[in-house]
Amino acid sequence: MSDSVEQALEAVDAEADGSAEEMEADAIVGAVGPTAAIGIGQVHAKLVYRAHLERVLRDAASLRALLEHMREVLVESHQAHDIVDEDCWYSCPKATYKDGSSAYCGEDPRDVCFCGADKWNAQRDALLTEIDAELRREG
């Protein structure tokens, strides 16, 4: 957990400990009834709050780990344009071989994607941008 989270949890613990000490002092001097009940209620509420805070922090850490994993998968999911070596007419017009030559021999413009790679990669890049922004925001 981060230092700020630890500090927040320590503050909740200190407040609960302080309320418990006040209740003990009240019990020593004979304060009972509503005063003791209010003190017990305050300590209970603070302990419940701490438990919820810890759960939320664990969930946030799990979500961050999930985002980081999604990012890794997306980075590896870049789609290349389809190349059909057996018949270049069926290759995507934007497909090229490693040497840079066109893998398409049809008459369509070479700047048009028919295979869906451009659409997939654009969506992938947009999602990566959102994930990166969220991970930076969460620090």
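No lab work stands behind these numbers, since they all come straight from the coordinates. It should be emphasised that the depicted structure is a prediction, and the values quoted were computed from it without experimental measurement. Neighbour counts are summed over all protein chains in view; Cβ atoms, including those assigned to glycine, are modelled from backbone coordinates with ideal geometry.
Computed quantities for the displayed model
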{"read-out": "Sorted by Cβ neighbour density within 10 Å, fewest at the top, the residues Lys119, Lys46, Lys98", "value": "Lys98, Lys119, Lys46"}
{"read-out": "Loop-resident sites, region 60-110, for chymotrypsin sites (Phe, Trp or Tyr not before Pro), counting at most 15 other Cβ within 10 Å (DSSP)", "value": "Tyr97"}
{"read-out": "For Arg110, Arg71, Arg137, order by how many other beta-carbon atoms lie within 10 Å, fewest first", "value": "Arg137, Arg110, Arg71"}
{"read-out": "Neighbour net charge for Glu130 - beta-carbon separation under 12 angstrom, K R +1, D E -1", "value": "+1"}
{"read-out": "Extension gain from Tyr49 to Asp108, taking 0.36 nm per residue of separation minus the Cα-Cα distance", "value": "14.8 nm"}
{"read-out": "Extension gain, Leu57 back to Asp99 (0.36 nm per residue minus Cα-Cα distance, nm)", "value": "10.1 nm"}
{"read-out": "Three-way shape call for region 56-102 based on the alpha-carbon gyration tensor, with the a/c threshold at 1.5", "value": "prolate"}
